[in-house]
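I have placed the structure first, in the form of structure tokens, so that the comments after it can refer back to it.
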Amino acid sequence: MKKAILIGIMAMFVLAAGCVTRSINGIATENNIVFDENLLGIWGEADGDSVVMITDAGENTYTFGGKDENGEVYGLPVHLCRMGDYLFLDMSPKESDIKGNIMLSIHLLPTHTFYLVDQIQPTLKLKMISDSRLQEYLAAHPGKIAYTIVDGNVVLTDSTENIQAFLVELAGIKDAFEPADDLYRMD
């Protein structure tokens, strides 16, 4: 397996946990977006195999990205959101990220993924929603939040406000979020 020069943080999570809960609507609003300069920099796993560069994209937005094995540069806009006692990341590609392919762009819908931020310093500790715990929870609490299942994965379809409240509730439930690998400052 080729070692990536830089791979995106979302790819690391997908590989580590298998699936990512997606959402049609984001959680970032003018009222909950915060900016923490401690997130900026180059972060990587302890073995150095996976690295992500986090830069300031302006307007309280970060870019998570880098270069892939082929030298292609990419970035994903991200917002850090404070909701109650918790910090979350809201990641979603911009529609303009699908360049030059009109047929592809009209058939793809950008979705959001959310990560619970457990800690920023000295190591970056992020957690993603546990798909199995989420499906158990939704089965036990029908009607709690609007969603659909696509290819066996949950896709949240509710309003921003309802998703915000739902994530805060989930954050208080033991094992509702799975830890990803700790990321260490590489710069």
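Just one residue in the set Thr111, Thr61 is under 22 Å from Met186 (Cα atoms) and at pLDDT 85 or above; that residue is Thr61. Identify all residues within the range 86-108 that are modelled with pLDDT of 75 or more and surrounded by 15 or more Cβ atoms within 10 Å (Cβ to Cβ); write none if there are none. Within the range 86-108, Tyr86, Leu87, Phe88, Leu89, Asp90, Met91, Ser92, Pro93 qualify.
Those strands (runs of 3 or more DSSP E) of the range 106-187 in which 2 or more residues are hydrophobic (A, V, I, L, M, F, W, C) and within 30 Å of Thr55 (Cβ to Cβ) occupy 112-119, 123-129, 153-156. If the condition is being exposed (fewer than 14 other Cβ atoms within 10 Å of the Cβ) and touching a residue at least 40 places away in the same chain (Cβ under 8 Å), then the range 37-83 contributes Asn38, Ala46, Gly48, Asp49, Glu69, Gly71.
The values are calculated or read from the model by the stated rules, or taken from the named source; none is laboratory data. Since the structure is predicted, the reported quantities are computational estimates derived from the model, not experimental observations. Glycine gets a Cβ as well: all are built from the backbone with ideal geometry, and neighbour counts include every protein chain shown.
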